[in-house]
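The values are calculated or read from the model by the stated rules, or taken from the named source; none is laboratory data. Worth saying up front: this structure is predicted, and the values here are computed from it rather than measured. When we count neighbours, we look across all protein chains shown, and the Cβ atoms used for this are built from the backbone with ideal geometry, even at glycine. Each accessible area value is taken on the protein alone, full model and side chains, heavy atoms only, with ligands, DNA and RNA left out. Shrake-Rupley method; radii C 1.70, N 1.55, O 1.52, S 1.80 Å.
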Amino acid sequence: MTRRTFNITRRRALMGAAALPLTAATTSPAFAAAEMMGIATTRFNRVKLGSFEVTTLLAGTRTVPNPQSIFGMNATPEEFAEVSAAANLPTDKAQFFFTPTVVNTGEKLVLFDTGLNAGGISGALKAAGYEPEQIDTVVITHMHGDHIGGLNDEGIPTFVNADYVTGETEFDAWDTAANEGFEAKMRPLAEQTTMIKGGASVTSGITAVEAFGHTPGHMAYMLESDGQQMLLAVDFANHYVWSLAYPDWEVKFDRDKAQAAATRRKLLSMMAADKIPFVGYHMPFPGMGYVETRGDGFHFVASSYQQLMD
Ligand SMILES: [Zn+2]
């Protein structure tokens, strides 16, 4: 009897000990329970380039299904799947980022592109400590909707004190195209906009670089301060793996696919050779990194702390 009691007690004690965490979890009130809050990321990232401050702004992000309908249109599904798997990327969806950049040269606050809408760019600017009215110059790199969308909100200008700069070739191409977005966002600013060509400077240390192909007059911008360079490369390559590893893979949004591929190879070769960091408007936020050659293509290496040191 004694022995049996002991056995039962011992067994209960063992079972009870094993069961304790579960019992506690289900019967005690969870004072520290946190709500699920959803995916979150920072909205801005500010670095130094010489004496410039360069802030990338997350003006929007979205998940897009079936990425091979956009990237690698001329690759086989097997090749696309293989390249994606090697980079730990799914093939059924991709995440798109929309990343305008604001540069404080010490004399001017220059914003490059404006995201999908006024709310997105204003919110990201405010998160980074700027007000839209502080922007001195808005540079429009090209006139796709995700770059000009934030210029106004149903006709009300977002950047009330700014002047505007864009590429002459780009403006002229859209001028004749009767595009709704262009008419709503860019046309009203024509009088206030300075049209420039490749090689022209926006302000001291900011130079336009022709990167045609994505659109007829798409331009990148080279930043240079105290001997340091960074390329705001914008949409010359829109995916950090698919566009860099395979510059010749065709992209739905590239107007002239052969010219876009040639531009990709030219800029990627230059950045790899000269070790120039770049910001890609659609690269994973904060969108900043370096280019290495790999095989016949290139490889994206995200910036770590290279631009985060005084
Ligand atoms: Zn874009």
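Roughly how many percent of the accessible protein surface of the range 79-152 is carbon and sulfur, given a 1.4 Å probe and a whole-percent answer?
47 percent
Per DSSP H run of n ≥ 4, the term is -39500 (n - 2.57); total these for the chain, divide by its residue number, and report the mean residue ellipticity at 222 nm rounded to 500 deg cm²/dmol.
Details: 7 runs with 80 residues, N = 310.
Estimated from H runs of four or more residues: -8000 deg cm²/dmol.
Quick one: length gained pulling residue 92 to residue 168 fully straight, 0.36 nm per residue minus the C-alpha distance? Working shown, then result.
Numbers: separation 76, 0.36 × 76 = 27.36 nm, distance 3.83 nm.
Using 0.36 nm per residue and subtracting the Cα-Cα distance, I get 23.5 nm.
What does the net charge come to around residue 56 if you take all other residues with beta carbon closer than 14 Å to its beta carbon, with K and R at +1 and D and E at -1?
+1
Taking the chain as the region of interest, what is the percent of Cα-Cα pairs per 10 angstrom bin, listed from the shortest bin to the one with the maximum distance?
For the chain, the binned pair fractions read 6, 25, 31, 18, 6, 5, 5, 3, 2, 1, 0 percent.
At a threshold of 8 angstrom on Cα-Cα distance, excluding pairs fewer than six apart, so keeping six or more, what relative contact order does the chain reach in percent?
On the way: 604 pairs, mean separation 48.2, N = 310.
Once divided by the residue count of the chain, the mean separation gives 16 percent.
For the range 66-213, what percent of Cα pairs sit more than 28 Å apart?
Everything past 28 Å amounts to 31 percent.
Order these peptides, 151-157, 126-132, by their mean beta-carbon neighbour count within 10 angstrom, highest first. Before the final figure, lay out the partial values.
Details: 151-157: 13.6, 126-132: 15.4.
Put in order of decreasing packing, that is 126-132, 151-157.
Given the peptides 255-263, 112-120, arrange them by the average over their residues of other C-beta atoms within 10 Å, most packed first.
On the way: 255-263: 17.9, 112-120: 23.4.
Ranked by mean Cβ neighbours within 10 Å, highest first: 112-120, 255-263.
So what is the accessible area of the chain per residue, in Å², with the probe set to 1.4 Å?
Values: 15860 Å² over 310 residues.
Per residue, the chain has an accessible area of 51 Å².
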